[in-house]
Structures are given as structure tokens and as C-alpha cells.
1. Looking for something out of contact with any Leu (no Cβ under 9 Å at 6 or more places or on another chain) and in a loop (DSSP other than H, G, I, E, B) - is there at least one such residue anywhere in region 355-372?
2. Identify the residue in region 313-324 that is over 21 Å from Ser240 (Cα atoms) and modelled with pLDDT of 95 or more and, among all such residues, is surrounded by the fewest Cβ atoms within 10 Å (Cβ to Cβ).
3. State whether one or more residues within region 40-57 are in contact with a Pro (Cβ under 7 Å, 6 or more places away or on another chain) and aromatic (Phe, Trp, Tyr).
4. Picking from Arg136, Arg170, Arg146, Arg153, which residue would you name as being at pLDDT below 80 and out of contact with any Phe, Trp or Tyr (no Cβ under 9 Å at 6 or more places or on another chain)?
5. Determine whether region 239-258 contains at least one residue that is surrounded by fewer than 19 Cβ atoms within 10 Å (Cβ to Cβ), of a type in the set (Asp, Glu), at positive phi and assigned by TED's automatic domain parsing to the domain that holds Arg299.
6. Among the residues of region 71-82, is there at least one that is over 12 Å from Ala7 (Cβ atoms), in contact with a Ser or Thr (Cβ under 8 Å, 6 or more places away or on another chain), exposed (fewer than 14 other Cβ atoms within 10 Å of the Cβ) and not polar (S, T, N, Q)?
7. Within region 258-289, restricting attention to residues that are assigned to a loop (DSSP other than H, G, I, E, B) and at pLDDT 95 or above, which residue is farthest from Ser162 (Cα to Cα)?
8. For Val293, all conditions in the list (1) surrounded by fewer than 21 Cβ atoms within 10 Å (Cβ to Cβ); (2) closer than 28 Å to Phe368 by Cβ; (3) not small (Gly, Ala, Ser) hold save one; what is the number of the exception?
Amino acid sequence: MKGLVIAPQPFFSPRGTPFSVYHRCLVMSKMGVELDLMTYGQGQDVDLPNVSIIRGPEFRFLGDIKIGPSFLKLFHDIFLFALTGWRLLFRRYDFVHAHEEGVFLAAFAKPFLSYKLVYDMHSSLPQQLSNFEFTRSKILIGLFERLEDWALRKADAVITISPALADRVRTQKIPGALFLIENSIFEEVRTAPSSPSLETTEEDLSDLPAGRPTVGYVGTLETYQGIDLLLEAFALLQKSIPEAFLLIVGGTPEQVDKYQTTARQLDLTDACLLTGRLSQNLARRLLAEVDVVVSPRLRGTNTPLKIYEILASGIPLVATRIESHTQVLSRAICFLADPEPAALARAIESALANPDESHRVAESARAFYEENYSRAAYDSKIKALLEAIG
């Protein structure tokens, strides 16, 4: 079986963290599928057997492609789609596996060519426009809603990464098969022999303060992630556990400066460290030292990849009680709190002050991950997808 993967992202870039594309390709290639991967020029080549990576122009002088919708991504899409269209005209594929907006090109070309279409729907595109504050135009958001519904009707199979997204697709009564395949695999990405390592040359950080109960966050610092909420909650926590320390990993330099200012205003200068972006290994090493991990997300419906990694880590998790979390998480496997400062502070305090309970919850979370989201479970879902389109 031969497939074409359309991935409009900087593959592979730790900043864009398109882990899902890597793992989809890795598992399919190990099952004997030959793949051509169409992606942006930015990124590093990785070691994927049976996968040929074809890139659009890099346009490095225009800057790095960031997470979420942007005019720079749209510019790269024009060239990626042209290159992909040319390849579709002169190569025969059994299926096209299209991620995000790549599905629009694949759905348009499908009636003229003979292939099955898999729509890998990582998120609702109109919802992305709102979450990343790209636009408030009801006309533009409505246009993307109609385009998304059209693509769903054209697909032979649709992959969603969260139950909420799967429910949204079911309301469309799509003709194709629906697969819920969570982004629950986080194996380290291997660079190709000819590509430089993914590790950065950043200055190593000292170990976290010894003897202080430490709360950790890792991820982007976009507004919807709730960093303001976390800092306000931690300021309240200082009243009951003054020795507590907060580690925040991730974010652009501008975002780090913004939240450092907030931390100073809340008198958290000596109780909070914002590291900015770190290499994958260094971030994991630091988080392995914390006592509790927090996900203070404010909105969204997709469950973040990091949630699955935290569940598997054996570290207690505190998360806000929103759909993005509760479609996977429950009180049995984490500490849940309403998304407001006092409630989040109480949940973090409970996790820190009750180590036996925290240990029990973390072990339950690890068992839950192994049963539902492990590599074996992931592989079986990809196998079912290939059988459906074979």
C-alpha cells in the first residue's frame, strides 16, 4: 500500500511539536506502508523507514512558523499545495492522509483521481481561529465551518484526537468511517543521520531548589493555556505553603517577559522560574523533579498531548475542570479544579499536602494510561484504519 501524507507544519520542529504526524507515519511504515510526506520547508529530517519527505520552500528569511493559524502559514500553504497537486497528478497513491487544512486540497482533487481520503482532524479549524485569537470575523469563521463540513463529507475515513471532536463529527453524519486515535504516544523523535540533532545548545539549568515542594507546568504560553490563572492561584497557595516553588517551561521570549512581569506584580519573583523553550530531554528531566504537574488550560476541546505523558509519568496531576481535560480525566486519576484561582490553589494544596493520596492517584493514572492509551492500543487503532481503507 502506498500513501501520500499532507502535513502543513514545520516537520519536524520541537517548537511546532507535530509529534502526531511523526507517530502516524512511524506506525504505518512499520506495518509495511510506503509513504510520501509533503510538508513545509522548515524543520529537520527524521529517521522514518519507508517514508520519503518532500518539502516546500523554506523561506527562512520570513521567520519561524509558529503554532496556530497565521498569514505566514497561509503563505507556506500556497507553495505546499502547488507542490502536492503536481505530485498527485503524476504519482498513483492508494490513499491520501491529510492533516488539518491539507484536507481541502485532497478533497478537491479526489473526484479526479483514484484514492481513498483520510482526514486527520486534529482540531476544528474554525475553533482554532478563535482559540489563537486570529480573527473574530463571523464571516471568516463561518466560511471555515462550511469548508470543514464539506471536507468531512468527502472523506472515506476521519481521525479525531478527542471524544469531543468525535462527537462534533458524528453530528455531521459523515459517510466515511470515524476513528478516535488520541495523540497519546510520546516516544523520542529520531533525527535522520544527515540532520543535526534535535537537541539545542541551550545553557543547562541548575537543579530545582532542594527541599521545596515544587509545582511544574510545561507547554506553550498562549492565552488559552491559563498561565495568568496559574500565577494567581500560586500566589494564593503561598499563604498556606510559603515554601512552594513554581516551574514554568515553555514560551517565546516575549511571552516569558510578559509572565515574569505578572510574577513580579504578584510578589512571586523568588518562588517562580520561567525557563522559556527547552529541549525535550531537559524539559523532561526538570519535570521529573517536580512534586505536582498542573494543566491550568482555560478553554478548548482537544486533550493536549502532554496530558497523556503526565498520566504515564507517575507524577500527580492537577487540571482545570473543562472539556479539554474531563473527556479523559476524572477525580480517580487526577486532582480537578474549577478554572478560577482559589479553586486551583486548593487543588494544588491538596495534592502537595497529601502525599499518600497523590501517590495513589498518580498510580491509578499510570494504570489507566497503560490500559487505554499505550503504544499497543495506538498501534491497534492505526491497523484498524488501514484495514478500513485497504
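The values are calculated or read from the model by the stated rules, or taken from the named source; none is laboratory data. Computed from a prediction, not measured in an experiment: that's the story for all the values here. Don't worry about glycine lacking a Cβ; one is built from the backbone with ideal geometry, like all the others, and counts go over all protein chains shown.
1. Scanning region 355-372, I find no residue that is out of contact with any Leu (no Cβ under 9 Å at 6 or more places or on another chain) and in a loop (DSSP other than H, G, I, E, B), so the answer is no.
2. Among those that are over 21 Å from Ser240 (Cα atoms) and modelled with pLDDT of 95 or more, it is Arg321.
3. Yes: region 40-57 contains one or more residues that are in contact with a Pro (Cβ under 7 Å, 6 or more places away or on another chain) and aromatic (Phe, Trp, Tyr).
4. Of Arg136, Arg170, Arg146, Arg153, the one residue that is at pLDDT below 80 and out of contact with any Phe, Trp or Tyr (no Cβ under 9 Å at 6 or more places or on another chain) is Arg136.
5. no
6. Looking through region 71-82, none of the residues is over 12 Å from Ala7 (Cβ atoms), in contact with a Ser or Thr (Cβ under 8 Å, 6 or more places away or on another chain), exposed (fewer than 14 other Cβ atoms within 10 Å of the Cβ) and not polar (S, T, N, Q).
7. This residue is Asp267.
8. In the conditions (1) surrounded by fewer than 21 Cβ atoms within 10 Å (Cβ to Cβ); (2) closer than 28 Å to Phe368 by Cβ; (3) not small (Gly, Ala, Ser), Val293 misses (1) alone.
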